[in-house]
Amino acid sequence: MGAASLRGKELNEVLADSIFSGAEIALIDDESQAGQIEAAGDEATVIQRIEEDSFAHVDFVFFTGAEEMTRKHWKEALSAGASIVDSSDALEDVPGVLVRAPWILEEPISGRADAMNLNTPAIIPAHPVAVVLALLVARLQKLGELRRISATVLEAASEYGRAAIDELHHQTVALLSFQSLPKEIYDTQVAFNVVPSFGESKMLGKSEARIRRHYQLLRGGQLADAGIQLLHVPVFHGVGLSLAVEFDQPLPVERVEAALHGDHIEIAAGDAPPDSLRSAGQSDVIVQARSQSGTDAATSRFWIWASFDNLKIASLNAVACAMELRKLRPQGEVQ
């Protein structure tokens, strides 16, 4: 659902490389997007409009469009027997809906998430920034107590969909042409600018609150708390995360990077630091650590710089959530 959105298109690509690659995939969106042709696996598929029987014989429904679309149709999908993965964040206030990040459950830390059961109505994949932050903190805690953690998140336009990317582009062109700026999505200049808030509906504040909320759910009292600040930067795609951490003991930077390295995290090698261009389309988070003093001496204070493809990480998490839901669904045929 919402197949024409940026999140929908990215999820469609991730599904083609996942355990669900052999499944029959239907691409659905509202009337305005119906008829577009997209690839679904190795085949070209037409995006269908929403019909009364859209959820018949469907095992999983991924909601990736507008919140209004999810609120309007999720109960229909649930009544049809589908497992629901809500990437639109529309259902967070619905009783029983869980925020999940299976990557964090892979770490040897317990007590961070409620268990799913047959009464779980839907799963919300945790915000990709919360997932990455929790993954980094879980790895760092292996080295000892973390006294302080502060995270500055540099957010790109793609978090708000294609309309935000288009408006950033048009603002950039308008500024270079000395023309007035379009401000339908943003109520301020975001081209060539870094802003801590924008939008009449306080969009950036809502995103920051969601990241904090999801991180608190993922840490479950087991991961160290973190101060989080969100800034919007004039970048079309990809998120940067600057993490200031302080340990209870001095450590060499090599030990910090060794602790971070593993599944889902790639350590930047040599003089090629992580950046948005390098992480675009990548399934892993690219990370680099350095001491706050800038020297090679052992210290308790470090800068951790991470770059990742926000849409890719979000889609991978959504598929991982569906794989968890798959365990609750009956396998084979009922005799």
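In summary, Leu176 fulfils each of the numbered conditions (1) surrounded by fewer than 15 Cβ atoms within 10 Å (Cβ to Cβ); (2) in contact (Cβ under 8 Å) with a residue 40 or more places away in the chain; (3) of a type in the set (A, V, I, L, M) with the single exception of condition (2).
When region 142-167 is filtered for residues that are surrounded by 21 or more Cβ atoms within 10 Å (Cβ to Cβ) and part of a loop (DSSP other than H, G, I, E, B), only Ala156 remains.
Evaluating Ala269 against the criteria (1) among the hydrophobic types (A, V, I, L, M, F, W, C); (2) part of a loop (DSSP other than H, G, I, E, B); (3) in contact (Cβ under 8 Å) with a residue 24 or more places away in the chain leaves one unmet condition, (3).
Would you say Phe20 is under 24 Å from Asp89 (Cα atoms) and out of contact with any strand residue (DSSP E or B) (no Cβ under 6 Å at 6 or more places or on another chain)? Considered against the rule, which asks whether it is under 24 Å from Asp89 (Cα atoms) and out of contact with any strand residue (DSSP E or B) (no Cβ under 6 Å at 6 or more places or on another chain), Phe20 comes out as yes.
Could you please give the count of residues in region 272-283 that are in a loop (DSSP other than H, G, I, E, B), touching a helix residue (DSSP H, G or I) at 6+ places or on another chain (Cβ under 9 Å) and touching a residue at least 24 places away in the same chain (Cβ under 8 Å)? Spell out how you get there, then give the answer.
Taking region 272-283 and keeping what is in a loop (DSSP other than H, G, I, E, B), we get 272-275, 280-283.
Retained after the next criterion (residues that are touching a helix residue (DSSP H, G or I) at 6+ places or on another chain (Cβ under 9 Å)): 272, 280-283.
Within this subset, residues satisfying the condition of being touching a residue at least 24 places away in the same chain (Cβ under 8 Å) are 280-283.
The total comes to 4.
Criterion applied to Leu223, Leu316, Leu328 was being at pLDDT 95 or above and either crowded, with 16+ Cβ neighbours inside 10 Å or part of a loop (DSSP other than H, G, I, E, B) (or both), and the one residue passing it is Leu316.
On the stretch given as region 168-220, residues that are among the polar types (S, T, N, Q) and part of a loop (DSSP other than H, G, I, E, B) total 8.
The number of residues in region 14-37 that are within 22 Å of the chain's Cα centre (by Cα) and over 19 Å from Val85 (Cα atoms) comes to 0. Assess whether Gln36 counts as being polar (S, T, N, Q), modelled with pLDDT of 80 or more, in the same structural domain as Ile84 (by TED's automatic domain parsing) and on the phi < 0 side of the Ramachandran plot. Considered against the rule, which asks whether it is polar (S, T, N, Q), modelled with pLDDT of 80 or more, in the same structural domain as Ile84 (by TED's automatic domain parsing) and on the phi < 0 side of the Ramachandran plot, Gln36 comes out as no. If you check Glu43 against the conditions, is it among the acidic types (Asp, Glu) and either closer than 18 Å to Ala82 by Cα or under 22 Å from the mean Cα position of the chain (by Cα) (or both)? Taking the combined requirement at face value, the residue does not satisfy it. Scanning region 284-310 for residues that are of a type in the set (A, V, I, L, M), in a strand (DSSP E or B) and farther than 14 Å from Leu140 by Cα returns Val285, Ile286. If I filter region 287-306 for residues that are out of contact with any strand residue (DSSP E or B) (no Cβ under 6 Å at 6 or more places or on another chain), over 28 Å from Leu98 (Cα atoms), aliphatic (A, V, I, L, M) and crowded, with 17+ Cβ neighbours inside 10 Å, do I get at least one hit? No.
The values are calculated or read from the model by the stated rules, or taken from the named source; none is laboratory data. The shown structure was predicted, so the numbers you read here are calculated from the model rather than taken from an experiment. No Cβ is skipped: glycine too gets one built from the backbone with ideal geometry, and neighbour counts run over all protein chains shown.
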